[in-house]
Amino acid sequence: MQTKQALPAIPAKRYFTIGEVSDLCAVKPHVLRYWEQEFSQLNPVKRRGNRRYYQHHEVLLIRRIRELLYEEGFTISGAKTKLSGGRIMATATEQTAPDVQGIHLDGRASLAGGVACYGVANQVSPPASPAQALANPSANPAGLSPVVRSELMAILNLLKGQ
């Protein structure tokens, strides 16, 4: 297993090339192409000459696959089971994120095929208000992994216009 390393923030773009995704996820391009064959949820758009273009939710999915395989020690088969909604982890409908200024964060990641919880613990009580959740940046009321929390905070800052 590899040691946990901080991955760069994902830029606010619609599509990413395989090289960009490789850099963002610390995974070589040939591994990404292999994972496309193994994980049915990973299906980038292919254009001109079979060039792959990944969307934001696919980059998040690749990061989750990487975390399962490299950091948590899952086999490919085990990672498939976990991502396909195996009862190992709560599904998006069972676990909702707090509403932050009218933006429902739980609906966004559900595009990745049931991977919306990204490490959220099964029994988590939401904060009393979104303001309380954001007032203390060191607190982690939803039990999110540091990578997912930083991605959500980056998205929130983009939406706020910062």
Burial ranking of peptide ranges 37-49, 70-82 (average Cβ count within 10 Å, highest at the top): 70-82, 37-49
Relative packing of peptides 54-67, 22-35 - highest average C-beta neighbours within 10 Å first: 54-67, 22-35
Between Arg47 and Ala9, what is the spin-label point distance in nm, taking each point 7 Å from the Cα along the Cα→C-beta axis? 2.6
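Each value in this text was obtained by applying a stated rule to the coordinates, not by laboratory testing. Model, not experiment: these values are computed from the prediction. Cβ sites come from the backbone with ideal geometry, for glycine too, and all protein chains shown count toward neighbours.
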